[in-house]
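Below is one structure, written out as structure tokens; comments come after it.
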Amino acid sequence: MIREEFFNAQQWKFKNNNSPIIFTSCSAAVSYKGLHVLIKSVALLIQEFPDVQLRIAGQVNVGNKLLDGYSVFLNKLVKKLGLSNNVIFLGSLNANDLIKEIQDCNVVVVPSFIETYCLAFAEAMLIGAPVVVSYAGAMPELAIHEKEALFYNPNDIGMCASYIKQLINNQDYS
């Protein structure tokens, strides 16, 4: 299932900067994908990283498009938390654009509540990007906690933020 472009992609490299980039990919604008948890986690990181960016690829509606209920909720949440300058909805990306986003970020986060198999998780690990992932569905079958990824309870915004911070600050975790 992993796309050919990911097998040939340049490996991720640690970035030490004060404007970290968090990347996530969401196949659909549905609540069980957990974007609301990730957005709330980013709000906790603003104190230490005021220029942090959360870059979201996928089918989340923004702008002038007809918005589904969850997209409306996410847009309101971003505004309520004062993250309009920090959260960037990228729309659908092809494999090469996804690779570039993963290579440019500090950490990939997979916040889903339900996953049978997470292609985005597998592809990020193949490129060597550090990943924070919710302990849900079959995702623990793809990696070992504190070895290949950092797992958190899907509802725990504090732990998600803490793991993101660890990966931003510490090359040893990468």
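The values are calculated or read from the model by the stated rules, or taken from the named source; none is laboratory data. These numbers come from a predicted model, not from an experiment. Cβ sites come from the backbone with ideal geometry, for glycine too, and all protein chains shown count toward neighbours. Protein only, heavy atoms only, side chains kept; ligands, DNA and RNA dropped before computing areas. Shrake-Rupley method; radii C 1.70, N 1.55, O 1.52, S 1.80 Å.
Give all pairs with beta carbons closer than 9 Å in which a residue from region 141-162 that is part of a helix (DSSP H, G or I) meets a residue that is open to solvent by 80 Å² or more (accessible area, probe 1.4 Å); count only pairs at least 6 apart in sequence or on separate chains.
Close Cβ pairs (under 9 Å, with a partner that is open to solvent by 80 Å² or more (accessible area, probe 1.4 Å)) amount to Glu141/Tyr117; Ile157/Leu44; Gly158/Leu44; Met159/Asn153; Cys160/Leu44; Cys160/Asn153; Ala161/Leu44; Ser162/Leu44.
In this structure, does Gly128 turn out to be more than 22 Å from Phe14 (Cα to Cα) and either exposed (fewer than 15 other Cβ atoms within 10 Å of the Cβ) or touching a residue at least 24 places away in the same chain (Cβ under 8 Å) (or both)?
When the stated conditions are applied, Gly128 does not pass them.
Taking the conditions exactly as written (open to solvent by less than 30 Å² (accessible area, probe 1.4 Å), outside any loop (DSSP other than H, G, I, E, B), at pLDDT 90 or above and of a type in the set (Val, Ile, Thr)), does Ile102 satisfy them or not?
Against the criterion (open to solvent by less than 30 Å² (accessible area, probe 1.4 Å), outside any loop (DSSP other than H, G, I, E, B), at pLDDT 90 or above and of a type in the set (Val, Ile, Thr)), Ile102 qualifies.
To keep it simple, each residue is scored yes or no on (1) in contact (Cβ under 8 Å) with a residue 40 or more places away in the chain; (2) among the acidic types (Asp, Glu); (3) open to solvent by 60 Å² or more (accessible area, probe 1.4 Å).
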| residue | (1), (2), (3) |
| --- | --- |
| Asn86 | yes, no, no |
| Asn94 | no, no, yes |
| Glu115 | no, yes, no |
| Phe121 | no, no, no |
| Val133 | no, no, no |
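One line per residue, one yes/no per condition, for (1) surrounded by fewer than 16 Cβ atoms within 10 Å (Cβ to Cβ); (2) under 13 Å from Gly158 (Cα atoms):
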residue: Lys13; (1), (2): yes, no
residue: Ser19; (1), (2): yes, no
residue: Thr24; (1), (2): no, no
residue: Ala43; (1), (2): no, yes
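Checking the condition in a loop (DSSP other than H, G, I, E, B), open to solvent by 10 Å² or more (accessible area, probe 1.4 Å) and modelled with pLDDT under 95, which residue from Val72, Val62 passes?
Of the residues listed, the single one that is in a loop (DSSP other than H, G, I, E, B), open to solvent by 10 Å² or more (accessible area, probe 1.4 Å) and modelled with pLDDT under 95 is Val62.
When you scan region 49-56, do you find a residue that is surrounded by fewer than 22 Cβ atoms within 10 Å (Cβ to Cβ), touching a residue at least 24 places away in the same chain (Cβ under 8 Å) and touching a Gly at 6+ places or on another chain (Cβ under 7 Å), even just one?
no
Considering only residues that are farther than 19 Å from Val107 by Cα and outside any helix (DSSP H, G or I), which ones fall in region 1-42?
Within region 1-42, Met1, Ile2, Arg3, Asn8, Ala28, Ala29, Val30 qualify.
In contact with a Ser or Thr (Cβ under 6 Å, 6 or more places away or on another chain) and modelled with pLDDT of 90 or more: which single residue out of Ile39, Ile22, Ile56 fits that description?
Ile56
Quick check on Ala57: is it assigned to a helix (DSSP H, G or I) and of a type in the set (A, V, I, L, M)?
no
Can you tell me which residues in region 141-160 are surrounded by fewer than 15 Cβ atoms within 10 Å (Cβ to Cβ) and under 22 Å from Ser31 (Cα atoms)?
Asn153, Asn155, Gly158
Assuming Leu90 fulfils every condition listed in (1) modelled with pLDDT under 95; (2) in a loop (DSSP other than H, G, I, E, B) apart from one, which condition is it?
(2)
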